1. I'm trying to understand the selection: among the residues of the range 111-128, which are part of a helix (DSSP H, G or I) and buried (at least 19 other Cβ atoms within 10 Å of the Cβ)?
2. Residues that are modelled with pLDDT of 80 or more and within 21 Å of the chain's Cα centre (by Cα): find the helices (runs of 4 or more DSSP H) completely inside the range 1-110 holding 3 or more of those.
3. Which of (1) within 18 Å of residue 275 (Cβ to Cβ); (2) in contact with a helix residue (DSSP H, G or I) (Cβ under 6 Å, 6 or more places away or on another chain) does residue 5 not meet, given it meets every other one?
4. Residue 384 - would you say it is buried (at least 21 other Cβ atoms within 10 Å of the Cβ), touching a helix residue (DSSP H, G or I) at 6+ places or on another chain (Cβ under 6 Å) and within 21 Å of residue 148 (Cβ to Cβ)?
5. Please state which of the following conditions residue 140 fails to meet, knowing it meets all the rest: (1) buried (at least 21 other Cβ atoms within 10 Å of the Cβ); (2) within 21 Å of residue 389 (Cβ to Cβ); (3) in contact (Cβ under 8 Å) with a residue 40 or more places away in the chain.
6. In the range 345-381, which residues are closer than 27 Å to residue 254 by Cα and surrounded by fewer than 18 Cβ atoms within 10 Å (Cβ to Cβ)?
7. Which numbered condition in (1) farther than 18 Å from residue 182 by Cα; (2) in contact (Cβ under 8 Å) with a residue 12 or more places away in the chain is the only one that residue 390 fails?
8. Under the condition of being touching a residue at least 60 places away in the same chain (Cβ under 8 Å) and surrounded by fewer than 17 Cβ atoms within 10 Å (Cβ to Cβ), which residue from the range 208-254 is farthest from residue 383 (Cα to Cα)?
C-alpha cells in the first residue's frame, strides 16, 4: 500500500497525537522529556517493520513534504542566531558558548577515534556524537541521508537510536551530577539577592502580530535560502539543503534587530519551526527501516558510554570552574549535560528540578537556554558539514 503525500502528513499527525497521549499516560516518558513524535513514530515503525518482516503488510510513504518541513525548522534555528542577544548575555553567555564549542570538538574527535578503533567509518562517530547527541533526533534524521551517501549504512536509524539514548542519559546524569557538586562544595544556599531578569526578547510572544506576515517571511527565507544552497553546492561543496536557509534567516534576524523593517517577531518563527520539526520527526521516524539496527547495537552502546563520561567530566571540571564554582555553576553544569547529551528541554528539566529544591538560579536560566536554543545548533550544523567534507 502506498500513501499519498497528504495521507503521509495525516499519518504523521496521528503519530504525534499518539505520542502525546503516551506522554500523558506514562510518567517515565514525561520524566525524561522524550519527544512525542519520537515515541509515537518509533512504535509505529516497530509495528510496520514487524508486519513487513513477516510479509503481512508493507506500507510505502510519499514524503514529498518532508524536506520542506526540515528546511522550515532549520530556518527557525537560523533566525534565533541574534548577535544582539549574544552581546546582551555578556561574558557569561560568550564563555559558555565557547565551552560548548569545545565540547562539540571533543564529541567529534572522540567519535572519530572510537570509529577507527572499532574499524568503522569515521563519520559513524560523528553521527553518534554531535549529530545525534548535541543535535538531537531532528538533526540526526536531517543529516542521515547525507551520511548514508557518504558510506555510513543505516545512518538515520543509528543516529535516532543514539539520540534517544542520549536524551535518557542526559536526564539520568545531569541532576545527580549537580547534586553531587552542591553537596560536596556546600553550595546548598542559593543566591538570595539575585536581580530580577527581564524575559529575553525571543521569549516575548506578541499575540497581536499577524500570522500571515510570519508565514510569508518563512517562505521568502526558504526561497532565497534554497537558492543559496544550490549555488554553494554547484561549487562542489557538500552542504545540506537547509544550510542556505539558516544563513539567510540569521542575516534577516540581525538586520531586524538593528532596524525592524518587516517587524518579524522571533517567537512566531520559533513556533512555526517547532510545528514543522514535530511533523518532520514523526514522518521520518515512522518510515525508518529498523532492521538496519541489528549490527550497530554494540557500537551505539560504546559511543553512548564514552560520550556520556566525557560530557560529565567536562561539566564537573571546565564548565563548573569557569561558570564561577558556585551554586549557579552547578546548575549550568546540569544544563550542559542536558543539551550536550539530549535537547535543551533536557537541560531546562534538569535545572528546574534542582532550582525547585535548592532555590532560584537566574543566571543559569539565562545562559543555558540562550546558548542551547539559539546558537549551538547553528555552529553544530557548520561543524557537521565540515566533517562531511573531510571524511565523506
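The values are calculated or read from the model by the stated rules, or taken from the named source; none is laboratory data. Predicted model only: the values in this text are computed from it and were never measured. We place every Cβ from the backbone using ideal geometry, glycine too, and count neighbours over all the protein chains shown.
1. Our first condition is that a residue be part of a helix (DSSP H, G or I); within the range 111-128, this holds for 111-117, 122-128.
The answer is 111, 112, 114, 115, 122, 123, 124, 125, 126, 127, 128.
2. Details: elements: 5-25, 27-31, 36-53, 66-79, 83-88.
It comes to 5-25, 36-53, 66-79.
3. Checking residue 5 against (1) within 18 Å of residue 275 (Cβ to Cβ); (2) in contact with a helix residue (DSSP H, G or I) (Cβ under 6 Å, 6 or more places away or on another chain), the one that fails is (2).
4. Values: buried (at least 21 other Cβ atoms within 10 Å of the Cβ): yes; touching a helix residue (DSSP H, G or I) at 6+ places or on another chain (Cβ under 6 Å): yes; within 21 Å of residue 148 (Cβ to Cβ): yes.
When the stated conditions are applied, residue 384 passes them.
5. Against the list (1) buried (at least 21 other Cβ atoms within 10 Å of the Cβ); (2) within 21 Å of residue 389 (Cβ to Cβ); (3) in contact (Cβ under 8 Å) with a residue 40 or more places away in the chain, residue 140 comes up short only on (3).
6. Initial filter on the range 345-381 (closer than 27 Å to residue 254 by Cα): 345, 347-348, 362-381.
Of everything in the range 345-381, those that are closer than 27 Å to residue 254 by Cα and surrounded by fewer than 18 Cβ atoms within 10 Å (Cβ to Cβ) turn out to be 362, 379.
7. With respect to (1) farther than 18 Å from residue 182 by Cα; (2) in contact (Cβ under 8 Å) with a residue 12 or more places away in the chain, residue 390 is out only on (2).
8. Of all residues in the range 208-254, those touching a residue at least 60 places away in the same chain (Cβ under 8 Å) come to 218, 221-222, 225-226, 237-243, 245-250, 252-254.
Then drop every residue that is not surrounded by fewer than 17 Cβ atoms within 10 Å (Cβ to Cβ), which leaves 237-238, 254.
On the way: 237: 14, 238: 12, 254: 22 Å.
If we take residues in the range 208-254 being touching a residue at least 60 places away in the same chain (Cβ under 8 Å) and surrounded by fewer than 17 Cβ atoms within 10 Å (Cβ to Cβ), then 254 is farthest from residue 383 (Cα to Cα).
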